[in-house]
Amino acid sequence: LHCHVASGGVTGFGTTRKGQGFDCGYRNIQNMMSSLLAPGAPTSERMSSRLGGAVPTLDGLQLLLEEAWSSAFDPLGAQQLGY
């Protein structure tokens, strides 16, 4: 059994004072996206073309979420958050 915590191509994103702890879910998504974009990852090429080669900012993640909601992804979640 092997466990890999991170590789050299992964960027870590932490919560900031500005986020006051409310940005932790978005930071977790950024961390996951960073690993999917890492050189050598099986998903790197596909994710890179979709995201323009970079992990989205928090505002960028919010836009991606709103685009998904506009495409009928997770209608219950969208409704719960007043979208």
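The values are calculated or read from the model by the stated rules, or taken from the named source; none is laboratory data. Note that the structure is predicted; figures quoted are calculated from it, not measured. Using ideal geometry, Cβ is built from the backbone for each residue, glycine included, and neighbour counts are taken over all protein chains shown. Areas reflect the complete protein model, heavy atoms only, side chains present, ligands, DNA and RNA absent. Shrake-Rupley method; radii C 1.70, N 1.55, O 1.52, S 1.80 Å.
Taking a Cβ cut-off of under 14 Å around G53, the surrounding Lys, Arg, Asp and Glu residues balance to a net charge of +1, with basic ones at +1 and acidic ones at -1. Size descriptors for segment 20-79, from the alpha-carbon set: Rg then Dmax equal 12.7, 38 Å.
With both labels modelled 7 Å from their Cα along Cα-to-Cβ, the S48 to N28 distance reads 2.8 nm.
In the complete set of protein chains, residue-level accessible area for T57 is approximately 90 Å², probe 1.4 angstrom. Taking a Cβ cut-off of under 11 Å around F73, the surrounding Lys, Arg, Asp and Glu residues balance to a net charge of -3, with basic ones at +1 and acidic ones at -1. Using the Cβ-Cβ distance between L58 and Q79 with R0 set to 22 Å, the FRET efficiency from 1/(1 + (r/R0)^6) comes to roughly 0.50. These residues, F22, F73, go from largest to smallest accessible area, 1.4 Å probe, as F22, F73.
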